[in-house]
Amino acid sequence: MQTEINLRVDGTDRQVTVDTRTTLLDALRERLANTSPKKGCDHGQCGACTVLLNGRRVLSCLVLAVTAGGKDVVTANGLAPDGELHPVQQAFLDNDAFQCGYCTPGQVCSAVGALDEFRRGWPSHHGDTELTRAEVAERMSGNLCRCGAYTNIVTAVQQAARA
Amino acid sequence: MNAVGQDMVRRDGPAKVTGTATYAYEAEVDNAAYCHLILSTIARGQVTDVDVSAALALPGVLTVLTPGNVEKLAPTDDAELAVLQDGEVAYRGQIVGAVVAETSEIARHAAELVHFTYHVDEHDSIFTTDRDDLYRPKAINPGLEPDTSIGNVGEAVRSAHLTVAETYSTPMVHHSPMEPHATTALWQDDSLVLWESTQSVHSVRTDIAGLFSLDAEAVRVICPYVGGGFGAKGSPHGNVVIAVMAARALPGRPIRLALTRQQMFAIVGYRTPTIQETTVAADRDGRFTALAMAAYGQTSRIKEFVEQTAAPTRMMYAAPNRATSHRIAALDVAVPTYMRAPGECPGMFGPEVAVDELADALGIDPIELRVRNEPEVDPETGKPFSSRNLIACLREGAERFGWADRVAGARDGDWLIGTGVAASVFPAFTLRTTANIRFDHNRYTVELGAADLGTGAWTVLTQIAADALGVPVEQVDVRIGDSAYPFASVAGGSSGTATWGSAILTAADTFRDKYGDDPADGDEAENTFIGTGFEGGPYATYAFGAQFAEVRVHADTGEIRVPRLLGVFAAGRIINPRTARSQFVGGMTMGLSMALHEHSVLDPRFGHVINHDLAEYHIASCSDATDVAAHWIEEDDPHVNRLGAKGIGEIGIVGTAAAIVNAAHHATGIRVRHLPLTLDKLLAGLP
């Protein structure tokens, strides 16, 4: 079954026809040609598809596109309007916090979401009140990186938090 | 103005942090169709009937590919690539069909509607060392002798002061790059364009052109970015053949095919489980009198790949008596392949734990024990080492890590604390590659079909080219990842930078010889670097390293943490410290992952990996690896190659697991000889 939805993607209103089974991730990648969010597992296990939905980080492979109608979607590409890198992106670049780059847009969106959650006082399992390395790592542990850039990712997120 | 050695930011960085770098599935094409694979649900037998009627009745389905109902491929030795040529099933998860449809949702739905009838044969997928059909392979990867022997190990053991003779094992593990294997394929006007996630655009082109009886010129393979490979994308697998069949069935229609994460556990290779019967005998002073490993692994019945598990035992330490062997079980299982540091990664686990056990039994510091057994020359070939700085790595690592402060029985509240060390090694060699250099509008364009899997090739090759041409990096455009460029070797074997860099040096010489320092627009030169091949030259060429781990084990729960991992490497000239550090740290992090988590569990009843996703096949997460540090010593090796670079992509994973297991022993007194090091193996023995 096809249905038409409206999405605001990276600041632009988009109208798109989707299968009711289509995930937000596939709607972005296969119908809107926005390939910034990546598909690593399609089961919410790796974090590569992370985007910001109405400002909160979500796994877009676990969101049905039809439930995102009328909402605001920001991908990693949308964090850098006109090519101006977001502080998180700049910190990833400065600290070489990636290698192959496939998990990176998801890591970046996740970090933006995680820093916002921390500022709002949302607790984590780790429970530090400061953004220690362990606290950042806990909050970023939903985003897998097979290249093993974690040590630099933690440093980058800490740098971005100070920006 | 040397660019080599500078801390240069990745050239592909901005595209990667914004997600605008395009991977294979994301190639910009119009009106794509989507292909979904169907895998066998039996481990051995034949497809006897396929009912595609329900699938074809689904609106939006374009075609269904089934055994015998596809174009005939040219004969090939590689049974993995001969997909759908007949109905034979040799392992569970083998490709038995595919659906092409207007959308990915329809393709996936229709794949479920294709009904297969099988004749089921009994299968055998149990890997043990007491099978009566183990065999000695003709050669082991990458073409080495399966068995070697010098002196008499048995006699040396009988007269030794102390011998550690233990069996160690590493489980089946999967590469699991974050980007699932993917292809966008377009067949149009009798030519084929493949956007393919691969470590070697040229080998994909050669294999595909051969299978489909096409001129190589009619096939173009494009791959500017690879979302991780680790060997799984080193040579093409059956999925790309299906993508090409689908594209040729629908001329003019681009076909997108991505594997699901689950499918990746069946059809793109894995590291064989290994069993390592390891012997280290020593005299009273800790000098090794014998070193031996009998290594066992598995392969698929339809294609042989033999992990060279005992290869590092042949060259790592001195000992007058030595022996290695490899025995293989050919099973009804998926096809194994090379995975990051084949041979060295699993094969340095047993020996490096055995050396630790021996040090413990002798009461000698494990670093000192390794120093005492440093060979003068490569013990088996007699070749001199081009450079060998293992001791320097151990000493520098000990200093940085604070090794001298280690105490047995350390405790911090409920946490038992220990430290461990292990050595790393990986061979350095170069392959054949051609590079082209063109001058235009005061810029130099350097082209070769190399690949950047996250290694930093885009960046380091730019640095090498700038120095080779004697110009600033800003004046150089390196172009890689396209078979339209000159032939380049695979991004594998830690040979990429040294090989491709050497080719650029060679081409730059030719360019300057022809045109001098003041070339005209359009001037162009090309040359080929031959490389050493896997056999190497007159020197034994290896990178070395030392890894140090701190392990904490919770006294009540057995929870295992690795708060600190430190590696020091001697790997020749480092081209870019920033990307090099990430390579080392990344390898070590994957080694930590192997040590603590990774285990593909094969259910022998069904012949497949049951934990085939990232929720059940655990890899290290961010919280596991917050302090992984790598350093290196300056090493000037004039013999290894003109660039002086040894390769750094794999050595970081070698030895890590042994260092962690040795640290866990130091913390708890419990010796774990079978990876992964999980808490169930510690709980019963905790104080």
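The values are calculated or read from the model by the stated rules, or taken from the named source; none is laboratory data. Please read all numbers here as calculations on a predicted model, not as lab measurements. Here the Cβ positions follow ideal geometry from the backbone for every residue, glycine too, while neighbour counts run over all protein chains shown.
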remark   = Of the residues in segment A:136-158, those that are surrounded by fewer than 23 Cβ atoms within 10 Å (Cβ to Cβ) and more than 7 Å from chain B (Cβ to nearest Cβ) number 3
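Okay, residues lined up against (1) facing chain B (nearest Cβ under 10 Å); (2) farther than 29 Å from B:His175 by Cα; (3) in a loop (DSSP other than H, G, I, E, B):
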residue	(1), (2), (3)
A:Arg14	no, yes, no
A:Leu25	no, no, no
A:Leu28	no, no, no
A:Lys39	yes, no, yes
A:Gln45	yes, no, yes
A:Arg57	no, no, no
Residues located in segment B:619-633, provided they are assigned to a loop (DSSP other than H, G, I, E, B) and closer than 16 Å to A:Val154 by Cα = B:Ala620, B:Ser621, B:Ala625, B:Thr626, B:Asp627
request  = Output the residues belonging to segment A:66-121 that are crowded, with 23+ Cβ neighbours inside 10 Å and of a type in the set (Ser, Thr, Tyr).
outcome  = A:Thr75, A:Tyr102, A:Thr104, A:Ser110
note = When segment B:186-195 is checked residue by residue, the ones that are more than 28 Å from A:Leu144 (Cβ to Cβ) and either over 27 Å from the mean Cα position of the chain (by Cα) or crowded, with 22+ Cβ neighbours inside 10 Å (or both) are B:Leu186, B:Trp187, B:Gln188, B:Asp189, B:Asp190, B:Ser191, B:Leu192
message = Against the definition (surrounded by fewer than 18 Cβ atoms within 10 Å (Cβ to Cβ), touching a residue at least 24 places away in the same chain (Cβ under 8 Å) and in contact with a Gly (Cβ under 9 Å, 6 or more places away or on another chain)), how does B:Pro577 come out, yes or no?
response = yes
Segment A:126-135 - residue that is within 11 Å of another protein chain (Cβ to nearest Cβ) and touching a helix residue (DSSP H, G or I) at 6+ places or on another chain (Cβ under 6 Å) and, of those, surrounded by the most Cβ atoms within 10 Å (Cβ to Cβ) = A:Arg133
key: Residue count, segment B:282-303 (criterion: touching a Phe, Trp or Tyr at 6+ places or on another chain (Cβ under 9 Å), part of a strand (DSSP E or B) and basic (Lys, Arg))   = 0
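Residues are listed down the side, and each one gets a yes or a no for (1) at pLDDT below 95; (2) within 14 Å of chain A (Cβ to nearest Cβ); (3) farther than 20 Å from B:Ala182 by Cα:
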| residue | (1), (2), (3) |
| --- | --- |
| B:Gly5 | no, no, yes |
| B:Met8 | no, yes, yes |
| B:Ala15 | no, yes, no |
| B:Asn31 | no, yes, no |
| B:Ile38 | no, no, no |
| B:Ala82 | no, no, no |
note = For segment B:304-356 the number of residues that are under 14 Å from B:Pro142 (Cα atoms) and in a helix (DSSP H, G or I) is 3
note = Result of the Cβ filter at 7 Å on segment B:6-32, keeping first residues that are free of Cβ contacts under 8 Å to residues at least 40 places away in the same chain and on the phi > 0 side of the Ramachandran plot and partners that are acidic (Asp, Glu) and not in a helix (DSSP H, G or I), at least 6 apart or interchain, is none
inquiry  = Taking the criterion of being under 27 Å from the mean Cα position of the chain (by Cα) and more than 14 Å from every other protein chain (Cβ to nearest Cβ), would at least one residue in segment B:42-50 satisfy it?
reply    = yes
note = Here the residues within segment B:67-88 that are of a type outside the set (Asp, Glu) and either buried (at least 22 other Cβ atoms within 10 Å of the Cβ) or in the same structural domain as B:Val335 (by TED's automatic domain parsing) (or both) are B:Val83, B:Leu84
ask   = Of the residues B:Ala139, B:Ala107, B:Ala57, which is among the small types (Gly, Ala, Ser) and under 30 Å from B:Thr279 (Cα atoms)?
value = B:Ala139
note = If we take segment B:376-479, then strands (runs of 3 or more DSSP E) inside it with 2 or more residues that are among the aromatic types (Phe, Trp, Tyr) and surrounded by fewer than 16 Cβ atoms within 10 Å (Cβ to Cβ) are none
request  = Within segment A:80-103, track down each residue that is without any contact (Cβ under 8 Å) to a residue 40 or more places away in the chain, in a helix (DSSP H, G or I) and under 21 Å from A:Cys147 (Cβ atoms).
outcome  = A:Gln89, A:Leu93
Flag for B:Ala580 being part of a helix (DSSP H, G or I), of a type in the set (Gly, Ala, Ser), under 19 Å from B:Gly343 (Cα atoms) and within 14 Å of chain A (Cβ to nearest Cβ) = no
Options B:Arg261, B:Arg256, B:Arg205, B:Arg220; residue that is away from chain A (no Cβ under 14 Å) and either outside any helix (DSSP H, G or I) or in contact with a Pro (Cβ under 7 Å, 6 or more places away or on another chain) (or both) = B:Arg220
request  = Only one of these is of a type in the set (Lys, Arg), at negative phi, at pLDDT 95 or above and in contact with a helix residue (DSSP H, G or I) (Cβ under 9 Å, 6 or more places away or on another chain): B:Arg287, B:Arg248, B:Arg261. Name it.
outcome  = B:Arg287
query = Looking at B:Gly558, B:Gly567, B:Gly545, B:Gly533, which is the one that is in contact with a helix residue (DSSP H, G or I) (Cβ under 7 Å, 6 or more places away or on another chain) and either surrounded by fewer than 24 Cβ atoms within 10 Å (Cβ to Cβ) or not in a strand (DSSP E or B) (or both)?
reply = B:Gly558
key: Candidates B:Ala21, B:Ala32, B:Ala27, filtered to the one that is touching a strand residue (DSSP E or B) at 6+ places or on another chain (Cβ under 7 Å), closer than 26 Å to A:Val51 by Cα and buried (at least 22 other Cβ atoms within 10 Å of the Cβ)   = B:Ala27
request  = For segment A:1-24, enumerate the residues that are under 14 Å from A:Lys71 (Cβ atoms) and among the aliphatic types (A, V, I, L, M).
outcome  = A:Ile5, A:Leu7, A:Val9, A:Val16, A:Val18, A:Leu24
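Yes/no per residue for (1) more than 14 Å from chain A (Cβ to nearest Cβ); (2) in contact with a Gly (Cβ under 7 Å, 6 or more places away or on another chain); (3) surrounded by 15 or more Cβ atoms within 10 Å (Cβ to Cβ):
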position	(1), (2), (3)
B:Phe116	yes, no, yes
B:His119	yes, yes, no
B:Asp130	yes, no, no
B:Tyr135	yes, no, no
B:Leu144	yes, no, yes
B:Ala160	yes, no, yes
B:Pro171	yes, no, yes
B:His181	no, no, yes
task = Could you run through segment B:521-530 and say how many residues are among the aromatic types (Phe, Trp, Tyr) and loosely packed, with under 15 Cβ neighbours inside 10 Å?
result = 0
